[in-house]
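See below for the structure under consideration.
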Amino acid sequence: MEGILSFLIFFLIFTSFYSLSSLGLNLQWGFTGLFNVGIVGFFAIGAYTSAIITGPAYPDTLIGGLDLWFPLGFIGAMITAGIAAFIIGFVTLRLREDFLAISTFGIAVSIQLVTLNFEALTRGPNGMYSLPRPLSGFFESRTLDNLLYLILCVAIIVVVYWAFERMVRSPWGRVLRSIREDEVAAAALGKNVFAMRLQSFVVGSSVMGLAGALYANFQGFISPADFLPIFTFQVFVMLIVGGSGNNLGALLGGLVVWGIWSGSDQLIASVLPPTIQTQAAAARIVFIGLVLALMLLYRPSGILRERRIVSSEARLP
Amino acid sequence: MPDTVLAVTDVVAGYNPSLPILRGISLDVREGEIVTVLGPNGAGKSTLIKAIAGLVGITEGTVRFGARDITGLETHTLIRAGVAYVPQTENVFARLSVEENLALGSLHNSDAYDAQRRRVLDLFPDLERLGHLAAGKLSGGQRQMVAVGRALMAAPTLLMVDEPSAGLSPKLAQVVFSQLVQVRDSGVTILMVEQNARAALQISDRGYVLAEGQEKVHGDAASLLTNPEVGELYLGSKARYVRA
Amino acid sequence: MIQFVADGIVNAALIALGAIGLSMTYNILRFANFAQGEILTTGAYMTLFLVTVMGAGIGSMGPIAFGWPLLISIAFAIGATSLVVLAVDWLLFRQLRDKTASRITLIMAAFGVSLMGRNLTTLIAGGEPYYYDFYIPKSVEIFTGVKVRPDDLAILAIAVIAFVILFAFVNRTSMGRQMRAVAENPTLARINGIDVRAVIRWTWIIGASLATVAGALLGHNTQLRPEMGFDMLLPMFAALILGGATNLYGTILGAVVIGLTEALAVAVGLSGYRAAVTFMVMISFLVVRPHGLLGEKE
């Protein structure tokens, strides 16, 4: 029984990382129509920032190892991810949507290279180890330890979800949606389209950074190999499946897609012989790609449709 | 009695099927005529031509070209059927040269390319010396010539032109109108949409006046020029429509 | 120090060959094709397959370490890759176009295709690197301190020939004119009787052909891995943006700048970061001159 419970908790913790990222993407893409192809980049920035702030001093790095209290790591993660988003957004949000896609793609690639090469900061391919786990050590049982972490993750998700729901119902959210629907009309009404998009982009990316920090401090060890383009793809599939433009859909998509993913992981590991496991992993990705293509063709709105959001200030007749 | 080249019958059309712009229009164009469609802004004049050209969806009614039903025909098959269309804006390929624009016009007529090109250049001699310039670098009037010239390269039976005098000075507009008469005289039937009612009616055989997606008045051009109802539709008053 | 120019130009030629297809899909199909890298990879692996099947190795021509067997394989690979690309368009992109999907949906689909493509390649061919043939490149010193390999010159020559043929096609043939017309104004093109579907097919075929050549030569110059095309995606996009997205000549010019920049980065010891350097150059252009070197201002 403990085994299943343990597995479930572990599964849900990982779902949290994805669902949180999905919420961030939903703000950027679902509500604002911004196409962020570099999700993993912001996730990685958050992870490494938290690692540098909360991690121990390593003998071979020149910077970091500040060994500070974990909330500072989380906050730092949000700040650095936000700053990176601000820079990229500032440059590209005035331009066409494809340029944003290309630029966010570029930033994810560049971040990966920095994590691999900037050894003075990140220890390169060796990765950063011994990262402290927040709230650990209260229990002897690993399972209960994880449970506490899960509670932390869920608490953070609840807060972010609530904040996002308030935001989209606020006047700010209303304008954001009007920009997504008809940018020209919104601009004609004097709304600063660019500034609002930038705000949405930065906030969404900060949340992705936070998810990265949660990941780093849970795993205790991160390396460049943890942050590959497949992550960006997974989050997009989660949002498309769950329902873009719907915050609950973002969370649901995370659960469903991560469920399929880790389920198939277990299946591959236990059923198939080791020699073809790389092939099987590749096959799984092909399958997920097919799911995405089919969703785009036949049910682009996802499982949970976008809810017609009534703004908090609207007066109903 | 000349043959009917184009017969539009009770056409309902719009960009969105639930929001029709044309609400039951009928008109016909006979061989060798210049027919003008007039009406205030928003009446649906341009939409009518676009619907015939397959750019706007027709939900009811038919369009016949000669004996052939061309309702809802795919746009790119139109020219091969013999119908050429000159849109009001963006009617030349600005990045291509004048010669290249003309060459594109005769995609389906390549055997007769040289002969047709000669005919078009006889009609618009200026185009010859402008040949290698990018069409985007020409003046408004020159661009109009390229647009019409390109449409003629396909040796069409019917030429549909949307506001040929738009954006041109009155003098240039007159040049364009007289060129259209020459085009008709060379054997092409013309359906024209125009804002400049007086000048258009002066070269037309017949006219139709549209308002709010429906045809309100039609008749031969001379009578329309003096018809008070036409003035009312345009100006919303009982003034006689005598001034352009 | 001038060595990097020699190295960079070859790099540039390969980027340019791949980026042409990217430019064409961008202008005619109107979306950023994130799967362009996969076309390169497919072309390279198709060539490998044909070389293996033909069993004659890749040949040699004097000091050049490849010859007719490779070139013939490439020719057939062009056909095979084009078919694959047309099939993917027919199965996926055309359906999305018919449903008037937004640019972003198309990009997302391309992203999905890219991921599937890379993993299919791993599935079919395995993840370890392949080589067309083993050879030791011999450098020749052309003038003081600058060494080039005969293969590099051959690659350059092939690229130049390809571009000459490309521009002759685009500027002098009817289909080339039709492609330029559709790139500028698809509605007016249709009004003039241009069959946009045929134009789209040709766009894919030309892009895939040049990308196949790029992939095969890249594979010959380095090695074949499932990620090889994907790794070229950022340089290709950068070339497109630098040159001015609407201008094919610009794309080639952009590729030259990027190729040289990457070679320079390697020469000053930033080899691991060279994609990041490319990214910085691209971003700089987006800030300062978003319409690129030869593009039109919006």
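Tabulated data
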| item | result |
| --- | --- |
| Within-12-Å neighbourhood charge of B:Ser178 [Cβ basis; K, R +1; D, E -1] | +1 |
| Distance violations [Cα-Cα > 24 Å] among B:Lys50/B:Lys216; B:Lys171/C:Lys297; B:Lys50/B:Lys137; B:Lys171/B:Lys216 | B:Lys171/C:Lys297; B:Lys50/B:Lys137; B:Lys171/B:Lys216 |
| Where the Cα pairs of chain B fall when distances are cut into 5 Å bins, in % | 1, 7, 14, 18, 20, 17, 12, 7, 3, 1, 0 |
| Compactness of chain C - radius of gyration and Dmax, Cα, Å | 18.8, 60 |
| Local net charge near C:Leu123, Cβ-Cβ under 15 Å (Lys/Arg +1, Asp/Glu -1) | 0 |
| Crossing angle, helix A:2-25 versus chain A [Cα axis fit, 0-90 degrees, rounded to tens] | 40 |
| Prolate/oblate/rounded call for region A:1-143, Cα gyration tensor, a/c under 1.5 rounded | oblate |
| For the protein assembly as shown, size of Cβ-based charge dipole, Lys and Arg +1, Asp and Glu -1, in debye | 1100 |
| √(5λ) per eigenvalue of the Cα gyration tensor, region C:118-208, largest first, Å | 39, 23, 9 |
| Region A:94-196: C-alpha gyration tensor shape, a/c 1.5 cut-off, then a/b vs b/c | oblate |
| Whole-number percent relative contact order across region C:170-263, with pairs defined as alpha carbons under 8 Å at least 6 apart | 13 |
| Chain B - mean residue ellipticity at 222 nm from DSSP helices (-39,500 (n - 2.57) per run, n ≥ 4, rounded to 500) | -10000 deg cm²/dmol |
| Average Cα contact separation per residue, chain A, under 8 Å, 6 or more apart, as relative contact order % | 30 |
| On Cα atoms only, tilt of A:247-271 relative to the major axis of chain A in degrees | 30 |
| Average Cα contact separation per residue, chain C, under 8 Å, 6 or more apart, as relative contact order % | 35 |
| Environment charge of B:Asp205, counting only residues whose C-beta is closer than 10 Å and scoring Lys/Arg +1, Asp/Glu -1 | +1 |
| Ascending count of other beta-carbon atoms within 10 Å, so fewest first, for C:Leu106, B:Leu78, C:Leu123 | C:Leu123, C:Leu106, B:Leu78 |
| In region A:111-210, chymotrypsin sites (Phe, Trp or Tyr not before Pro) in a DSSP loop with at most 10 other beta-carbon atoms within 10 Å | A:Phe138 |
| Distant-in-sequence amide H partners of B:Leu210 (H built 1.01 Å from N, under 5 Å) | B:Leu38, B:Gly39, B:Lys216 |
| Under DSSP loop assignment and at most 16 Cβ neighbours within 10 Å, longest chymotrypsin sites (Phe, Trp or Tyr not before Pro)-free interval of chain C | C:136-298 |
| Degrees, to the nearest 10: B:170-185 long Cα axis against longest axis of chain B | 80 |
| Cα-based convex hull, region B:1-113, per residue volume (Å³, whole number) | 134 |
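Each reported figure results from applying straightforward, stated rules to the coordinates on display, with no laboratory input. What you are looking at is a predicted structure, and each value in this text was computed from that prediction instead of being measured. Because the Cβ atoms are built from the backbone with ideal geometry, glycine has one as well, and the counts that use them run over all protein chains shown.
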